[in-house]
Amino acid sequence: MLIVEGSIDVEPEQRDAYLEGRREGVLATRSEPGCIDYVFSADLTDPGRIRVFERWESAEALGAHLGLLADRQAAEGSVAVLAADFRRYEISSVGPLLA
């Protein structure tokens, strides 16, 4: 399993528009093969930050998704991204937080 987490910074007054512009893309991504979870959400303490969390079954599924992003992003609105930072984690085991 792969986890992708990150943040996107936009002007605070544009954050809601940015998130709304991603709604259809999020729904489409959730139906892609190998997508376990895909979330864009507003940060509770930073008014210009969006948090991103993704879980993928495999590197191949994530790669296929990344190949679709350029076309999808062009159709998702024109809010300027000020900064973005993403990390990919390869997970070898998963279990409950409290056992």
Only one of Pro96, Pro12, Pro47, Pro33 is loosely packed, with under 14 Cβ neighbours inside 10 Å and free of Cβ contacts under 8 Å to residues at least 12 places away in the same chain. Can you tell me which?
Pro96
Would you pick out the residues in the range 1-58 that are part of a helix (DSSP H, G or I) and more than 22 Å from Asp71 (Cα to Cα)?
Pro12, Glu13
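Within the range 65-77, is there a residue that is on the phi < 0 side of the Ramachandran plot, touching a Leu at 6+ places or on another chain (Cβ under 6 Å) and not β-branched (Val, Ile, Thr)? I'd like the intermediate steps shown before the answer.
Taking the range 65-77 as the starting set, the residues that turn out to be on the phi < 0 side of the Ramachandran plot are 65-76.
Cutting the leftovers down to touching a Leu at 6+ places or on another chain (Cβ under 6 Å) gives us none.
Within the range 65-77, none of the residues are on the phi < 0 side of the Ramachandran plot, touching a Leu at 6+ places or on another chain (Cβ under 6 Å) and not β-branched (Val, Ile, Thr).
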State whether one or more residues within the range 34-51 are of a type in the set (Phe, Trp, Tyr), in contact with a Leu (Cβ under 9 Å, 6 or more places away or on another chain) and over 30 Å from Glu13 (Cβ atoms).
no
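Only the coordinates and a few stated rules stand behind these numbers; no lab work does. The structure presented is a predicted model; accordingly, all values stated were derived computationally and were not measured. Virtual Cβ from ideal backbone geometry, glycine too; neighbours counted across all protein chains shown.
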